[in-house]
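Below is one structure, written out as structure tokens, with a few remarks after it.
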Amino acid sequence: MDYRNLGATGVKVSPLCLGTMMLGAWGNPDHEDSTRIVHAALAAGINFVDTADVYSNGESERIVGKALAGRRDSVVLATKVNSPMGADPNERGSSRRWILRACEDSLRRLGTDYLDLYQVHRPDPDTAVDETLGALTDLVRQGKVRYLGSSTFPPAAIVQAQWTAERRGRERFVCEQPPYSLLTRSVENEVLPTCAEHKLGVLAWSPLAGGWLSGRWRTGAAELTSRRTEKMPHPTTHAHYDLSVPGNQAKLDAATALAELADEAGLPLIHLALAFVVRHPAVTSAVIGPRTLAHLDSQLGAADVTLDEAVLDRIDEIVAPGTDLNPADTGYHSPALADAWRRRRPVHSGR
């Protein structure tokens, strides 16, 4: 593989990163089979593995830890913190109290004494970014974490974190992990340019749009379902797949047109989709999330595919640059829009 720099760190990572969300109860509960997937990815040249504490409530981290036994030093290992890990309101978020505990928990599950990359899974509007970076900086200085990153941060939050790190003497985020695919392109507007401006690496999550670009979702297909609608413990999961949602119907139409384009180009749609993501100059690596060995095999070849300008122009005609066909797929929604009181000046009596 043609290894790339992770931002300005000098660390070399593969253009495909093995995401492990589907290893465990959310996808493949067979630990031995999941271990074979990890080993096959490493054998193919992938040296970058990404997980999170919340994936199957820690089970994914335990699987990864077992799979990397004896191979740890040759792998760039990343995990995340922020998502709920229990009913306790303090078992989540980006506070110092939770980050320090969650890191120890992840290290234990992964069977390692350090993390190459520790990422904040989502912005936390309830915690000052200086507190978050302060706790993460302590972990770096203790030798438990090598580098820090963010995931699904809007551009203003990316910049705020960079400024805070500089002004407060904190370790800075060296990469961002946004959603990016042929069907989810809004990050092209500001997120990717902002990352390039600050020399941040970019790990694109869901480059196959949650399975929409697997080649199975096409107009007229006999069955249109996703295993995620059955396994993922999230109340809005169906909003990403229900065809009564206009954005999802638009995704089906686009996926069908993209599949036809891939056929014309002599490529599997999966290869077209992954090659598109890693072609963007700001993107370091696309995070693939296989549930089976067959899924992994279908994705590995994309690392060797280069799309020509004519194909890229056709893609832009099908899905315009900078657009999301379903806004629900962006992975983050501003809290400024969640509550009416944030948008309405209170009415004072007597005026």
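Residue-wise test of (1) touching a Ser or Thr at 6+ places or on another chain (Cβ under 9 Å); (2) farther than 14 Å from V287 by Cα; (3) free of Cβ contacts under 8 Å to residues at least 24 places away in the same chain.
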position: M1; (1), (2), (3): yes, yes, no
position: G7; (1), (2), (3): yes, yes, no
position: M22; (1), (2), (3): yes, no, no
position: N28; (1), (2), (3): yes, yes, no
position: E32; (1), (2), (3): no, yes, yes
position: H39; (1), (2), (3): no, yes, no
position: A43; (1), (2), (3): no, yes, yes
position: F48; (1), (2), (3): yes, no, no
position: T51; (1), (2), (3): yes, no, no
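Quick check, is T284 touching a Lys or Arg at 6+ places or on another chain (Cβ under 8 Å) and crowded, with 18+ Cβ neighbours inside 10 Å?
Taking the combined requirement at face value, the residue satisfies it.
Can you find, within the range 181-221, the residue that is least open to solvent (accessible area, probe 1.4 Å) among those that are part of a loop (DSSP other than H, G, I, E, B) and within 17 Å of K80 (Cβ to Cβ)?
Filtering the range 181-221 for residues that are part of a loop (DSSP other than H, G, I, E, B) and within 17 Å of K80 (Cβ to Cβ), the one least open to solvent (accessible area, probe 1.4 Å) comes out as L200.
Which of the residues spanning the range 242-263 are in contact (Cβ under 8 Å) with a residue 40 or more places away in the chain and in a loop (DSSP other than H, G, I, E, B)?
V245
Any chance you could count how many residues in the range 71-94 are open to solvent by 70 Å² or more (accessible area, probe 1.4 Å) and closer than 14 Å to N47 by Cα?
Total meeting the criteria: 3.
Only one of (1) surrounded by fewer than 21 Cβ atoms within 10 Å (Cβ to Cβ); (2) without any contact (Cβ under 8 Å) to a residue 24 or more places away in the chain fails for W98. Which number is that?
Only one criterion in (1) surrounded by fewer than 21 Cβ atoms within 10 Å (Cβ to Cβ); (2) without any contact (Cβ under 8 Å) to a residue 24 or more places away in the chain is unmet by W98, namely (1).
With respect to G143, is the statement that it is of a type in the set (G, A, S), part of a loop (DSSP other than H, G, I, E, B), surrounded by fewer than 20 Cβ atoms within 10 Å (Cβ to Cβ) and modelled with pLDDT of 95 or more true?
In short, yes.
Test each condition in (1) in a loop (DSSP other than H, G, I, E, B); (2) out of contact with any Pro (no Cβ under 6 Å at 6 or more places or on another chain); (3) buried (at least 24 other Cβ atoms within 10 Å of the Cβ) for C175 and report the one that comes out false.
Among (1) in a loop (DSSP other than H, G, I, E, B); (2) out of contact with any Pro (no Cβ under 6 Å at 6 or more places or on another chain); (3) buried (at least 24 other Cβ atoms within 10 Å of the Cβ), C175 violates only (1).
Is at least one residue of the range 84-103 of a type in the set (S, T, N, Q), closer than 30 Å to L258 by Cβ and assigned to a loop (DSSP other than H, G, I, E, B)?
No, every residue in the range 84-103 fails to be of a type in the set (S, T, N, Q), closer than 30 Å to L258 by Cβ and assigned to a loop (DSSP other than H, G, I, E, B).
Kindly check whether there is at least one residue in the range 121-131 that is buried (at least 20 other Cβ atoms within 10 Å of the Cβ) and either part of a strand (DSSP E or B) or more than 20 Å from the chain's Cα centre (by Cα) (or both).
For the range 121-131, residues buried (at least 20 other Cβ atoms within 10 Å of the Cβ) and either part of a strand (DSSP E or B) or more than 20 Å from the chain's Cα centre (by Cα) (or both): present.
Name the pairs: first residue in the range 314-337 and without any contact (Cβ under 8 Å) to a residue 24 or more places away in the chain, second residue assigned to a helix (DSSP H, G or I) and open to solvent by 60 Å² or more (accessible area, probe 1.4 Å), Cβ to Cβ under 7 Å, at least 6 apart or on different chains?
A336/R342
Residues to consider are S285, S334, S298; find the one that is over 25 Å from T194 (Cα atoms) and of a type in the set (S, T, Y).
Exactly one of S285, S334, S298 is over 25 Å from T194 (Cα atoms) and of a type in the set (S, T, Y), namely S298.
Please find, among L133, L139, L148, the residue that is within 28 Å of A196 (Cα to Cα) and touching a Cys at 6+ places or on another chain (Cβ under 7 Å).
One residue alone meets the criteria, L139.
If you go through the range 105-123 one residue at a time, how many are touching a residue at least 40 places away in the same chain (Cβ under 8 Å) and closer than 17 Å to G143 by Cβ?
7
Select from the range 32-69 the residues that are closer than 22 Å to M85 by Cβ, open to solvent by 10 Å² or more (accessible area, probe 1.4 Å) and small (G, A, S) and list them in ascending order.
Of everything in the range 32-69, those that are closer than 22 Å to M85 by Cβ, open to solvent by 10 Å² or more (accessible area, probe 1.4 Å) and small (G, A, S) turn out to be S56, G65.
Please enumerate the residues belonging to the range 268-294 that are without any contact (Cβ under 8 Å) to a residue 40 or more places away in the chain and over 23 Å from L325 (Cα atoms).
Within the range 268-294, just A294 meets the criteria.
The values are calculated or read from the model by the stated rules, or taken from the named source; none is laboratory data. The structure presented is a predicted model; accordingly, all values stated were derived computationally and were not measured. Cβ: placed from backbone, ideal geometry, glycine included. Neighbour counts: every protein chain shown. Ligands, DNA and RNA are excluded from the accessible area calculation, which covers all protein heavy atoms including side chains. Shrake-Rupley method; radii C 1.70, N 1.55, O 1.52, S 1.80 Å.
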